[in-house]
Amino acid sequence: MSNLTFFKFDDLGPSRDRAPLPERLMEGNPQFKSWEVERSSDDKVLTGIWETTPGTFRSIKGGTLEFCYILSGVSEVTEDGKPPVRVEAGDAFVMKPDFTGVWRCIETTRKIWVVYE
């Protein structure tokens, strides 16, 4: 077994498909796909790929810290009480625990995520 895991973008396997919780949906009909790539042996750190189609929904992190790296698409992330921030391919950011805000997908957006729970 190797201690090195590569993201195989052309062979992610089947996705986990879902949508925002009804109480978090704000506009449109965004659909999510996610692929888990790796998790730590204690299940505290997970990483994978996530994709959303256009629409707007609330994002609530709770106690989770999430690093995001945008692979493709265009979205706006707006932390409650702050101005919107446009994110697109090549952008990287961290959503800290207790982040609450709005994710507005303008063009289907795909990102790498790493979460610490």
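The values are calculated or read from the model by the stated rules, or taken from the named source; none is laboratory data. Keep in mind the model is a prediction, meaning the values are calculated, not measured. Ideal geometry is used to build each Cβ from the backbone, glycine not excepted, and the neighbour counts take in all protein chains shown. Please note that ligands, DNA and RNA were not included when accessible areas were found on the heavy atoms of the full protein model with its side chains. Shrake-Rupley method; radii C 1.70, N 1.55, O 1.52, S 1.80 Å.
Structure values in brief
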item: Single residue of the range 32-51 satisfying the filter (in a strand (DSSP E or B) and of a type in the set (S, T, Y)) that is farthest from S75 (Cα to Cα); result: T47
item: Residues of the range 77-98 satisfying the condition of being more than 27 Å from F6 (Cα to Cα) and either open to solvent by 50 Å² or more (accessible area, probe 1.4 Å) or more than 13 Å from the chain's Cα centre (by Cα) (or both); result: T78, E79, D80, G81, K82, P83, P84, V85, R86, D98
item: Some residue of the range 1-16 being touching a Lys or Arg at 6+ places or on another chain (Cβ under 6 Å), open to solvent by 20 Å² or more (accessible area, probe 1.4 Å), assigned to a strand (DSSP E or B) and in contact (Cβ under 8 Å) with a residue 12 or more places away in the chain; result: no
item: K61 vs. criteria charged (D, E, K, R) and open to solvent by less than 60 Å² (accessible area, probe 1.4 Å); result: yes
item: Single residue of the range 18-51 satisfying the filter (surrounded by 10 or more Cβ atoms within 10 Å (Cβ to Cβ) and acidic (D, E)) that is farthest from T64 (Cα to Cα); result: E27
item: Residue pairs meeting the criteria (Cβ under 9 Å; at least 6 apart or on separate chains; first of a type outside the set (S, T, N, Q), in the range 81-96; second exposed (fewer than 13 other Cβ atoms within 10 Å of the Cβ)); result: E88/E107
item: First in the range 35-55 and more than 21 Å from F9 (Cβ to Cβ) and in contact (Cβ under 8 Å) with a residue 12 or more places away in the chain, second anywhere and among the basic types (K, R) and buried (at least 16 other Cβ atoms within 10 Å of the Cβ), Cβ under 7 Å, 6 or more apart; result: none
